1. The conditions are (1) in contact with a strand residue (DSSP E or B) (Cβ under 9 Å, 6 or more places away or on another chain); (2) over 14 Å from residue 148 (Cα atoms); (3) open to solvent by 10 Å² or more (accessible area, probe 1.4 Å), and residue 61 fails exactly one of them. Which is it?
2. Would you call residue 187 more than 10 Å from the ligand (Cβ to nearest atom) and on the phi < 0 side of the Ramachandran plot?
3. Name the pairs whose Cβ atoms lie under 6 Å apart, with the first residue in region 228-242 and in contact (Cβ under 8 Å) with a residue 12 or more places away in the chain, the second of a type outside the set (A, V, I, L, M, F, W, C) and within 16 Å of the ligand (Cβ to nearest atom), and 6 or more positions between them or separate chains?
4. Looking only at region 33-43, decide whether some residue is near the ligand (Cβ under 9 Å from one of its atoms), closer than 19 Å to residue 175 by Cα and in contact with a Leu (Cβ under 7 Å, 6 or more places away or on another chain).
5. Enumerate the strands (runs of 3 or more DSSP E) found wholly within region 111-186, keeping only those where 2 or more residues are surrounded by 15 or more Cβ atoms within 10 Å (Cβ to Cβ) and among the aliphatic types (A, V, I, L, M).
6. Give all pairs with beta carbons closer than 7 Å in which a residue from region 353-365 that is closer than 16 Å to residue 326 by Cα meets a residue that is open to solvent by 50 Å² or more (accessible area, probe 1.4 Å); count only pairs at least 6 apart in sequence or on separate chains.
7. Look through region 73-93, keep the residues that are in contact with a helix residue (DSSP H, G or I) (Cβ under 9 Å, 6 or more places away or on another chain) and open to solvent by 60 Å² or more (accessible area, probe 1.4 Å), and return whichever of them is farthest from residue 145 (Cα to Cα).
8. Looking at region 354-369, is at least one residue within 16 Å of the ligand (Cβ to nearest atom), in the same structural domain as residue 183 (by TED's automatic domain parsing), part of a loop (DSSP other than H, G, I, E, B) and hydrophobic (A, V, I, L, M, F, W, C)?
Amino acid sequence: MINMSSSKKEPLLIIGGGLMGLAVAYELARHGLTVEILSRRRSEAAGFVAAGMLAPYAEGLTGDLLKLSQLSLDLIPKWVKRIENDSGIDCGLKKCGTIVPFSSSEERDKHLCAPFGHKLDRTELENELPGIASKWKTALLFNQDGQIDNRRQLMRALEKACVAMGVQFQEGIEVLELLHDEKEFKGVRVLNAEGKIEKILGEKAVLCGGAWSNQIFSSIPVFPVKGQMMSLQGPKESLNRILYGPGTYMVPRTDGLVVIGATSEKNAKFQEGLTPDGQSQLHQGIHELFPQASQWPQMERWWGFRPCTPDKNPLLGPYLLKGLWLATGHYRNGVLLAAITAELIVKCICKKQLSISESQLLEKFTWNRFAVIN
Ligand SMILES: Cc1cc2nc3c(=O)[nH]c(=O)nc-3n(C[C@H](O)[C@H](O)[C@H](O)COP(=O)(O)OP(=O)(O)OC[C@H]3O[C@@H](n4cnc5c(N)ncnc54)[C@H](O)[C@@H]3O)c2cc1C
């Protein structure tokens, strides 16, 4: 049976309560909008999975994605301060820098962000990371990169900050379909927490469905890339920088927890769970990067799904349907890009002035670069 539920003043709907959903909802609510998050399952969000690196340079980003990341990096300190003030939760932001090790200077100089890094020879590398495996002869140090403790702190802080701003949450609700005519968004059809199908009417929504965005709206070319992770408890300050090796990285939190990531499994689709292959890849990676860490106690293992697009760049800004905006497809760098995503979406929705570079970037990340229309 279809139940119609429609409120007097329809809120702006946020479809998906993961990292982007929370970040966008928080920013919109701060701007005085009435916002409601429709979230299927809090715990499946990649926002709770990510390593929390803010590392465009170690990642070797280039072109428009690097520009977008640089804008986000500039916003992050103030953005985090606001979230911390509104939630009372520290987010674990650290500008700790990343070190990308290489076995030869030829390899090092081929890194796409090499001109932004500081070259380290073996002695300097050992001084930075005593205990790094002997096969690494040189490295790039990117002081600009950092991290945030998304899994234990940022996500909770964002949720609390949203509540403080009056954002409404409907948890356990699955959006089955977007309702629209040829031109306009009209609402959503959902399976609610009681297992009933209902329509929620609305004139405005932001699609923040992460890796599942294409299941919600089939014109959105987003697919999952699974990542398996684990954590170790190292001695405090045993690593002071992120160690970003080929295929494996180690992200040291302040309390000595070291987050290890990550596999990259496109063929796994939405297959849940850990695999022996995935876990052994991480163990091998630790051994090759920082052998003593193989002895540290293992703490947790988990997995999640990165929202990827065909060109690995996000989908941002207004969609073809009036009243629908996209904030999805952030792939490996959603934590890094959350601040600029929220800022740009709010500027679009609230019709605030965009700078020239912001407008240019929005054009680059618009949905119609794929021109996939049902
Ligand atoms: C292993 C791994 C490591 C990563 N490491 C980093 C990193 O170090 N740095 C970085 O910047 N980024 C990293 N990322 C990427 C980052 O986590 C993502 O880009 C980001 O979380 C995407 O945010 P999102 O809100 O789009 O998706 P999510 O956080 O996944 O949220 C999507 C939400 O939508 C909800 N949803 C889905 N379908 C429906 C539906 N039908 N109805 C209602 N709700 C629905 C889901 O329940 C989920 O809560 C990593 C990701 C992974 C998986």
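1. (1)
2. Working: more than 10 Å from the ligand (Cβ to nearest atom): yes; on the phi < 0 side of the Ramachandran plot: no.
So residue 187 fails the test.
3. Short answer, once both residue conditions are applied: 228/263; 228/278; 229/261; 230/301; 231/300; 239/252; 241/97; 242/98.
4. yes
5. Once the strands (runs of 3 or more DSSP E) in region 111-186 are filtered for at least 2 residues that are surrounded by 15 or more Cβ atoms within 10 Å (Cβ to Cβ) and among the aliphatic types (A, V, I, L, M), what remains is 138-142, 174-180.
6. Taking only residues 6 or more apart or on different chains, the pairs are 361/67.
7. Looking only at region 73-93, we keep the residues that are in contact with a helix residue (DSSP H, G or I) (Cβ under 9 Å, 6 or more places away or on another chain), and these are 73-76, 78-80, 82-93.
Going one step further and asking which of them are open to solvent by 60 Å² or more (accessible area, probe 1.4 Å), we end up with 74, 78, 82, 85, 88, 90, 93.
Details: 74: 11, 78: 16, 82: 21, 85: 23, 88: 25, 90: 19, 93: 11 Å.
The selected residue is 88.
8. Within region 354-369, one or more residues are within 16 Å of the ligand (Cβ to nearest atom), in the same structural domain as residue 183 (by TED's automatic domain parsing), part of a loop (DSSP other than H, G, I, E, B) and hydrophobic (A, V, I, L, M, F, W, C).
The values are calculated or read from the model by the stated rules, or taken from the named source; none is laboratory data. Note that the coordinates shown come from a computational prediction; the quantities given were computed from them, not determined experimentally. Quick reminder, even Gly has a Cβ in these numbers, built from the backbone with ideal geometry, and neighbours come from all protein chains shown. All accessible areas refer to the heavy atoms of the entire protein, side chains included, with ligands and DNA or RNA removed. Shrake-Rupley method; radii C 1.70, N 1.55, O 1.52, S 1.80 Å.
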